Amino acid sequence: MKVLDWFFAARPMLHLPVWTIYLVTLCYVRHTSACAVTINDLVAMLAINLMTASAYFVNQYFDMESDRINQKLGFLQLGLLAPNQMAHGFIMLALISLSLSVLLSAFMFFVLCFLFLMNWMYSASPWRLKDRPYAGLFANAVSFGILVPSASIATSLGYHGIVHGALLLMYFFFAVTTVHLLTTIPDKEGDSRSGKKTVAVVLPLRAVKVLALMSLILSVVVAYGAGYTMLMWISLVSAVPVVFSIGVEGESITLFSAKLPIALLTGLAGWFYPGYFMFVVVLIIVTRLYYRRRFSMNYPSIR
């Protein structure tokens, strides 16, 4: 179980947006229906995956108290892992990630260094970007909406290809912004009690939902202008529960609104790569079994 504790403490389900954005970007920039993953892609995804895992380790290390209030995780709170183990895991995974990026290109090393810096500043003092409403929002949108697809584009076309993929970066920037805005709402009470100032803490909840809707609309405009039909429809469908949530108070609809765009994008990536779809299904099943046995809870869930 100790090995499994380490694995799930890295929050593999929260890596799905990273893998999904990378793979969807890959198909769009290669302009082919027969999307193929190269060895370089696998190395790049592994490097980004390890850096993402290190981010969740350092996040849990610095967020022990607020996570306890919000009843999240439990790896540190229940003593399954020690704080110093989380710290060592953060350093080790980050170093391995940076080492792998060197094998790919100078640009990938730059991307991973930037991600490392953002991860540290997001959770650690004195920056604590996650406790700053707009800086935290921007950090998430840049990390997952700009850097991850940039890594995918650069692996396929070289860093010069970033110019050709600029509209994809804009689309994912707005999509990630939407999801981050909505995910701050369920944690509002716990974040407020622990002194964190997220967007949901400093703004009325309806205003946060309206901002999320506006961001989705911008993603629709970008996708339509770029001719990304499937991405446009994903954003349009995702906007429906957001509109509904503006007039309805309740955590369930908000959580559904936050998860729907991720689920739809993952479905698109699974359509491009059937093997990825099978991987996601297995990961969900294994994760539910682990969380039910370890924490007596149903995770992940639609609610």
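Among the conditions (1) more than 19 Å from the chain's Cα centre (by Cα); (2) surrounded by fewer than 16 Cβ atoms within 10 Å (Cβ to Cβ); (3) touching a residue at least 12 places away in the same chain (Cβ under 8 Å), the only one that ALA226 does not satisfy is (2). If you go through the range 75-127 and keep only what is in contact with a helix residue (DSSP H, G or I) (Cβ under 9 Å, 6 or more places away or on another chain), of a type in the set (Gly, Ala, Ser) and either assigned to a loop (DSSP other than H, G, I, E, B) or over 14 Å from ALA55 (Cβ atoms) (or both), you end up with SER99, SER101, SER105, ALA106, ALA124, SER125. The residue that is nearest to ASN59 (Cα to Cα), among those in the range 84-134 that are surrounded by 18 or more Cβ atoms within 10 Å (Cβ to Cβ) and among the small types (Gly, Ala, Ser), is SER123. Residues that are surrounded by 17 or more Cβ atoms within 10 Å (Cβ to Cβ), more than 30 Å from THR155 (Cα to Cα), charged (D, E, K, R) and at pLDDT below 90: does the range 72-81 have at least one? Taking every residue of the range 72-81 in turn, none turns out to be surrounded by 17 or more Cβ atoms within 10 Å (Cβ to Cβ), more than 30 Å from THR155 (Cα to Cα), charged (D, E, K, R) and at pLDDT below 90. Among the residues of the range 29-57, not one is closer than 29 Å to MET232 by Cβ, at pLDDT below 95 and surrounded by 22 or more Cβ atoms within 10 Å (Cβ to Cβ).
The values are calculated or read from the model by the stated rules, or taken from the named source; none is laboratory data. Quick caveat: nothing in here was measured; it's all calculated off a predicted structure. All Cβ positions, even for glycine, are placed from backbone atoms using ideal geometry, and neighbour counts span all protein chains on display.
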